[in-house]
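These notes are about the structure you will find just below.
The values are calculated or read from the model by the stated rules, or taken from the named source; none is laboratory data. Computed from a prediction, not measured in an experiment: that's the story for all the values here. Note that we place each Cβ from the backbone using ideal geometry, even for glycine, and neighbour counts take in every protein chain shown.
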Amino acid sequence: MNLKATLSDPRRPVLFYGTTPPRAGTAATDIAQAAERLAARLAPLALDGVVVYDIQDETGRTGAPRPFPFVGTVDPRAYARLLAARTGLPPITYKCIGTLDEAGWRAWLDESARDFGAGFLSVVGRPTSGVRHALALSEAIRLAAEHPAGYTVGAVAIAERHTAERSESARMLAKSLAGAAYFISQTVYSAESTMRLLADYARDCRGAGVAPRRVVLSFAPVGREKTLAFLRWLGVHVPEATARAILGASDPLARSIAVCRENLARILAGSYAREVPLGVSVESVSIYRDEIDASVALFHALREVLCGLS
């Protein structure tokens, strides 16, 4: 079954692995070697696709200092194409719409299909809200979904911004009506916020008389304080008790994997899970080898929970 059919089939689990492209300016031979190493790491995993992120400078979102300096990457479309060739897996390419207007977005969509063979996109808005831009996120999703290339378009779901003042579930519903066929969440380290979002999303879909779209939940291993600080800087809610349990453990990475496994089990136990098709994506966004290696162990642990293998 192809990825488009799998995403739309509520009876099937979906499993992704997410990665960031090499830094801008990396030599072509080094990019190829990075892709080969990643392909070897992913070969034993039962994956449905590989997610390639498009990172943006998010310093305007918060006044807190960035734990790691922002460095641009090579074009995610080019790296996604390379990974597809090396792994045989369909790539899901993120795209931050940034300052693009409608003409620029249409040109980017044309180029992505023509020059990179992109088929699955995950469209991301700007890091700051309350600012008017030439192209609204909902319009960017609509244009991508209606493009002649036949893109399967996804969007981002962030449980941390689902509050009494601002409904993320309503935003998800609006994005799905614009053409989003699936959502990939921000990294999950709080089961409660994700459970509230999924319950309200299921309720809102029932109220609108539409079927909920696939929601792929992202998880990442954490083995050191600096990586945890980076997740928090990105807006991920890591409860203080969870942070202390991980960083105070004799094996922080093993403890973070256990936390992620427990969180996924709790999320899957909600009644909304009978309505909202779910999936899992394991991220490898760390620069540290032990955390990169731990992402494979995390994948196996979460696959067991999602697929009921344990």
So which of 92, 55 is in a strand (DSSP E or B), under 27 Å from residue 138 (Cβ atoms) and either modelled with pLDDT of 95 or more or under 21 Å from the mean Cα position of the chain (by Cα) (or both)?
-> 92
Mind listing whichever residues of region 225-263 are in contact (Cβ under 8 Å) with a residue 24 or more places away in the chain, of a type in the set (A, V, I, L, M) and within 12 Å of residue 187 (Cα to Cα)?
-> 231, 234, 236, 238
Please verify whether region 177-192 includes one or more residues that are within 23 Å of residue 288 (Cα to Cα), of a type in the set (Val, Ile, Thr) and assigned to a helix (DSSP H, G or I).
-> no
Only one of 149, 199, 140, 174 is surrounded by fewer than 19 Cβ atoms within 10 Å (Cβ to Cβ), in a helix (DSSP H, G or I) and either in contact with an Asp or Glu (Cβ under 8 Å, 6 or more places away or on another chain) or in contact (Cβ under 8 Å) with a residue 40 or more places away in the chain (or both), namely 199
In region 211-232, the residues that are under 26 Å from residue 200 (Cβ atoms) and assigned to a helix (DSSP H, G or I) = 231, 232
Sort out which residues of region 287-300 are more than 17 Å from residue 50 (Cβ to Cβ) and either buried (at least 20 other Cβ atoms within 10 Å of the Cβ) or touching a His at 6+ places or on another chain (Cβ under 6 Å) (or both), and write them in order of number.
-> 291, 294
Could you grab me the full set of residues in region 1-45 that are in contact with a Phe, Trp or Tyr (Cβ under 9 Å, 6 or more places away or on another chain) and part of a loop (DSSP other than H, G, I, E, B)?
-> 14, 20, 21, 22, 45
Can you tell me which of 283, 240, 225 is touching a strand residue (DSSP E or B) at 6+ places or on another chain (Cβ under 7 Å) and farther than 20 Å from residue 197 by Cα?
-> 283
Residue 267 being touching a residue at least 24 places away in the same chain (Cβ under 8 Å), out of contact with any Pro (no Cβ under 6 Å at 6 or more places or on another chain), of a type outside the set (Lys, Arg) and surrounded by fewer than 18 Cβ atoms within 10 Å (Cβ to Cβ) | no
Output the qualifying pairs, or none if there are none: Cβ atoms under 6 angstrom, residues six or more apart or on different chains, first residue in region 95-113 and without any contact (Cβ under 8 Å) to a residue 12 or more places away in the chain and in a strand (DSSP E or B), second residue buried (at least 17 other Cβ atoms within 10 Å of the Cβ) and among the charged types (D, E, K, R).
-> none
